[in-house]
1. Just to check your reading of the model, which residue among GLY133, GLY154 is touching a Gly at 6+ places or on another chain (Cβ under 9 Å) and either more than 25 Å from GLU84 (Cβ to Cβ) or among the polar types (S, T, N, Q) (or both)?
2. Going through the range 15-30 one residue at a time, which ones are assigned to a loop (DSSP other than H, G, I, E, B) and either under 12 Å from PRO44 (Cα atoms) or hydrophobic (A, V, I, L, M, F, W, C) (or both)?
3. Determine which member of the set VAL271, VAL256, VAL261 is among the hydrophobic types (A, V, I, L, M, F, W, C), assigned by TED's automatic domain parsing to the domain that holds ALA308 and buried (at least 18 other Cβ atoms within 10 Å of the Cβ).
4. Does LEU105 count as on the phi < 0 side of the Ramachandran plot and touching a residue at least 12 places away in the same chain (Cβ under 8 Å)?
5. For the range 219-236, which positions are within 19 Å of ARG166 (Cβ to Cβ) and among the aromatic types (Phe, Trp, Tyr)?
6. Looking at this structure, is LEU86 modelled with pLDDT under 80 and within 30 Å of HIS171 (Cα to Cα)?
7. Got at least one residue in the range 211-225 being at pLDDT 95 or above and within 15 Å of ILE139 (Cβ to Cβ)?
Amino acid sequence: MSDSNKPLKMVTCPGCDKKTFIPGDLPPLATEQCRNCGHAIMMPMMLRQFELRAKVGSGGMAIVYRAWDTMLERFVAVKLMKKEILSEPKSLEMFRREACSCAKLNHTNIIHIYTFDEWEGESYLVMELADQGSLDTRIEKLRLLPELQVLDIGIKIASALDMALRYDLLHCDIKPGNILFNADHEPKLVDFGLARKTDAEQESGEFTRGTPYYVAPEKIKREPETFLSDMYSLGATLYHAMTGHVPFDAPTPDEVVQAHVYTALTPANQVVPEISQATSDALGRALAKNPGERFLSYDEFIMALEAARSLLLRQQSQAPEQAQQPKRMTGWWKR
């Protein structure tokens, strides 16, 4: 069959949002380059009532797709487990744990889980769509984010962690990559694959599956882990977003881990002088090496972040007024 007679399928490019044609004989999930913008266009695949239309992210265990729910007529995210790890019981358990943990939590800033299922050998999770990038990608693009914006994110994610704690749940993997944004730019906490009950014992070597830049010292030392460990990781995440630097950096992961335990934290406002003292102090306390020196609760942490935010807003509102005031006469008119 000549190229002109090959079957074609009309799809919408996720890059330029224009209708275009791709070869109809492409296998499901295979991609073709858009002729208009060069973006990868994917051949859709049906998974029950979900039409997978575009890849939006990928991790060690699964690939996340933007999908259309043909029954409820809405966009969702479908997290499809990679076939190569379907035979790994531990990975399957983490996937199931994420679904069960998230499904119990009803909070604006925790990703909503709709269903967890298996279809024709595919294990998948259907959840709320948050496809406007992660905090990690924003840091990578901007290097550092405005203080007010980071405070807002911190207040909301701390509230989300407080909700999880009410269900005796620790997230155990707080980092910029696990904070996504939806179409309204609302932050959403995702990936509860490492989550566990507050009274569960820490697995040997568990912290190595997380990210060393945000891991709490007590986790490294195999000491009892509590919500204060998640608080530390959130503090490290906010510190990175606000300063453009992780709290501790070193040539090797082992040296980074050791720095969390033994190296003194450089206050955020010494890295970026424009950061307010109140914000720097709040981050410093959340990042205290001794868990007992951190905030006693998420409520207390949130109050500190809100106080810093209020002070910053007051300073910003006063700045234009001061700029508009006439300058004081210095006496030149007497001469």
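1. Answer to the selection: GLY154.
2. CYS16, GLY24, ASP25, LEU26, PRO27, PRO28, LEU29, ALA30 - these are the residues of the range 15-30 that are assigned to a loop (DSSP other than H, G, I, E, B) and either under 12 Å from PRO44 (Cα atoms) or hydrophobic (A, V, I, L, M, F, W, C) (or both).
3. Within the list VAL271, VAL256, VAL261, the selection yields VAL256.
4. Yes; evaluated as a whole, the condition is true for this residue.
5. PHE227
6. yes
7. Looking through the range 211-225, at least one residue is at pLDDT 95 or above and within 15 Å of ILE139 (Cβ to Cβ).
Here is a yes/no grid of residues against (1) in contact with a strand residue (DSSP E or B) (Cβ under 7 Å, 6 or more places away or on another chain); (2) surrounded by 14 or more Cβ atoms within 10 Å (Cβ to Cβ); (3) not in a helix (DSSP H, G or I):
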| residue | (1), (2), (3) |
| --- | --- |
| SER87 | no, no, yes |
| LYS90 | no, no, no |
| GLU93 | no, no, no |
| SER101 | yes, yes, no |
| LEU105 | no, yes, yes |
| THR108 | no, no, yes |
| TYR114 | yes, yes, yes |
| TYR124 | yes, yes, yes |
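The values are calculated or read from the model by the stated rules, or taken from the named source; none is laboratory data. Only a predicted model underlies this, so the values are computations on that prediction, with no experimental measurement involved. Cβ: placed from backbone, ideal geometry, glycine included. Neighbour counts: every protein chain shown.
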